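Report on the structure given below.
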Amino acid sequence: VESLKGNLGESQGRYGSMLAGYQRQVSALEEQLSGLRAGLNSKKEQYNTLLDIKTRLELEIAEYRRLMDTERIL
């Protein structure tokens, strides 16, 4: 019985240590995932800003072309 208790305690210690290691890995991966999501959100905001600027520039260019075509007609 004492031998079984010893084996049980040893197994619990070993698996407890393994579990703690896995929990640290999961925590590290969750932290990394959180950082990646934050970076992705930042890139998305930058993309949307640049897309808005591009759209406004295209509209401005189209307006200048329209004005130039109007001047040619006159």
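The values are calculated or read from the model by the stated rules, or taken from the named source; none is laboratory data. Bear in mind that the values here come from a model prediction, so they are computed numbers and not experimental data. Because the Cβ atoms are built from the backbone with ideal geometry, glycine has one as well, and the counts that use them run over all protein chains shown. Please note that ligands, DNA and RNA were not included when accessible areas were found on the heavy atoms of the full protein model with its side chains. Shrake-Rupley method; radii C 1.70, N 1.55, O 1.52, S 1.80 Å.
Remark: pairs (first residue in the range 29-57, free of Cβ contacts under 8 Å to residues at least 24 places away in the same chain; second residue of a type in the set (A, V, I, L, M) and in a helix (DSSP H, G or I); Cβ separation under 9 Å; 6+ apart in sequence or on different chains) are absent.
Residue by residue, here is whether (1) modelled with pLDDT under 95; (2) open to solvent by 80 Å² or more (accessible area, probe 1.4 Å) holds:
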| residue | (1), (2) |
| --- | --- |
| Gly6 | yes, no |
| Glu10 | yes, yes |
| Tyr15 | no, yes |
| Tyr22 | no, yes |
| Ala28 | no, no |
| Leu36 | no, yes |
| Asn41 | no, yes |
| Lys44 | no, yes |
| Glu60 | no, yes |
